[in-house]
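*Asks:* Sharing a structure with you now.
The values are calculated or read from the model by the stated rules, or taken from the named source; none is laboratory data. Please read these numbers as outputs of a predicted model, since none were measured by experiment. For neighbour counting, all protein chains shown are included, and Cβ atoms are generated from backbone atoms with ideal geometry for every residue, glycine included. The area values use the complete protein model at the heavy-atom level, side chains included, leaving out ligands, DNA and RNA. Shrake-Rupley method; radii C 1.70, N 1.55, O 1.52, S 1.80 Å.
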Amino acid sequence: TRDFLAISEANLGANKVNRQIMREIFYEMTIGRDADLVGKLTISYANESQAETWPAGKYVNYLRVYVPFASGLLEVNNGGNTDAALVEVTNQGNLTTFATYVEVPIKSTRQITFTYRIPKNIKLETAPTYHLYVSKQPGTDRDPFTFTFNLPAYLAVKSVNNDQKYEGSQNITFDTDLLTDRQFEIEVVKK
């Protein structure tokens, strides 16, 4: 079961505030009772600009999130706004894109969360592996990235990237960064 995540931002603010933006990315994958997949992506932005004057100022960001094809958006929370109609959902090639605007005023933070269902299941009998590929956003340095993987009570982790260190776990969290693309291959077994 292949999962994919890529983030693409376009600064529309006619400024150079990007160097003042700190972001943290949190991705949580929850495997359901039927081995179905629900992803939850949270991006936390902090605008450390001290003034509205150029080259700093408000971060006006057109955000696109690329996920597996035909993923269905369940919920969105854009700084308290939960209107899913403000998210444009399109299918392009073998990916689905969620796109919306995110504004981060000076000296403030903003979080946006997408919760979505991926139309795949882990094939427990034939290929009991979940594979995540996270693409680094060009132009960014070392954004912190936290990946959490949750299993239902009847499943446990067998290995992560062929390492048995997490064997028997049901919920695991990886704290890393997106200095480069990241991959996770998690094999699961029935208890």
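*Asks:* Take the residues of segment 138-182 that are surrounded by 14 or more Cβ atoms within 10 Å (Cβ to Cβ) and of a type in the set (S, T, N, Q): which is nearest to R23 (Cα to Cα)?
*Replies:* Restricting to residues being surrounded by 14 or more Cβ atoms within 10 Å (Cβ to Cβ) and of a type in the set (S, T, N, Q), the top hit is T140.
*Asks:* Which one of these is loosely packed, with under 15 Cβ neighbours inside 10 Å and assigned to a strand (DSSP E or B): T100, T96, T90? If you could, list the steps in order and put the result at the bottom.
*Replies:* Working: T100 fails: loosely packed, with under 15 Cβ neighbours inside 10 Å; T96 fails: loosely packed, with under 15 Cβ neighbours inside 10 Å.
That would be T90, the only listed residue that is loosely packed, with under 15 Cβ neighbours inside 10 Å and assigned to a strand (DSSP E or B).
*Asks:* T82: open to solvent by less than 40 Å² (accessible area, probe 1.4 Å) and under 18 Å from the mean Cα position of the chain (by Cα), yes or no? I'd like the intermediate steps shown before the answer.
*Replies:* Working: open to solvent by less than 40 Å² (accessible area, probe 1.4 Å): no; under 18 Å from the mean Cα position of the chain (by Cα): yes.
For T82, the condition - open to solvent by less than 40 Å² (accessible area, probe 1.4 Å) and under 18 Å from the mean Cα position of the chain (by Cα) - is not met.
*Asks:* Then there is this: Kindly indicate which of A10, A14, A46 is of a type in the set (A, V, I, L, M, F, W, C) and assigned to a loop (DSSP other than H, G, I, E, B). It would help to see each step written out before you state the result.
*Replies:* Working: A10 fails: assigned to a loop (DSSP other than H, G, I, E, B); A46 fails: assigned to a loop (DSSP other than H, G, I, E, B).
Result: A14 is the single residue among A10, A14, A46 that is of a type in the set (A, V, I, L, M, F, W, C) and assigned to a loop (DSSP other than H, G, I, E, B).
*Asks:* If you don't mind, another one. Cβ-Cβ under 6 Å, sequence separation 6+ or interchain: first residue in segment 119-130 and small (G, A, S), partner at pLDDT below 95 and part of a strand (DSSP E or B). Which pairs?
*Replies:* Short answer, once both residue conditions are applied: none.
*Asks:* Hey, another quick one. N121 is checked against (1) farther than 19 Å from R2 by Cα; (2) open to solvent by less than 80 Å² (accessible area, probe 1.4 Å); (3) at pLDDT below 95 and fails just one. What number does that condition carry?
*Replies:* N121 satisfies all of (1) farther than 19 Å from R2 by Cα; (2) open to solvent by less than 80 Å² (accessible area, probe 1.4 Å); (3) at pLDDT below 95 except (1).
*Asks:* Spot the failing condition for R110; the list is (1) open to solvent by less than 50 Å² (accessible area, probe 1.4 Å); (2) under 27 Å from Y59 (Cβ atoms); (3) not in a loop (DSSP other than H, G, I, E, B), and only one is missed.
*Replies:* Condition not satisfied by R110: (1).
*Asks:* Name the single residue, out of those in segment 4-45 being of a type in the set (G, A, S) and either more than 16 Å from the chain's Cα centre (by Cα) or surrounded by 18 or more Cβ atoms within 10 Å (Cβ to Cβ) (or both), that is nearest to S108 (Cα to Cα).
*Replies:* Initially, segment 4-45 is screened for residues of a type in the set (G, A, S), giving 6, 8, 10, 13-14, 32, 35, 39, 44.
Add one more test, that the residue is either more than 16 Å from the chain's Cα centre (by Cα) or surrounded by 18 or more Cβ atoms within 10 Å (Cβ to Cβ) (or both), and what stays is 10, 13-14, 32, 35, 39.
Numbers: A10: 19, G13: 16, A14: 19, G32: 36, A35: 39, G39: 27 Å.
Top of the filtered list is G13.
*Asks:* Say we look at segment 53-68 and pick out the residues that are aliphatic (A, V, I, L, M) and in a strand (DSSP E or B); which of these is most open to solvent (accessible area, probe 1.4 Å)? Walk me through how you get there before you give the answer.
*Replies:* Looking only at segment 53-68, we keep the residues that are aliphatic (A, V, I, L, M), and these are 56, 60, 63, 65, 67.
In the following step, the residues that additionally are in a strand (DSSP E or B) were identified as 60, 63, 65, 67.
Numbers: V60: 30, L63: 0, V65: 0, V67: 0 Å².
Among them, the one singled out is V60.
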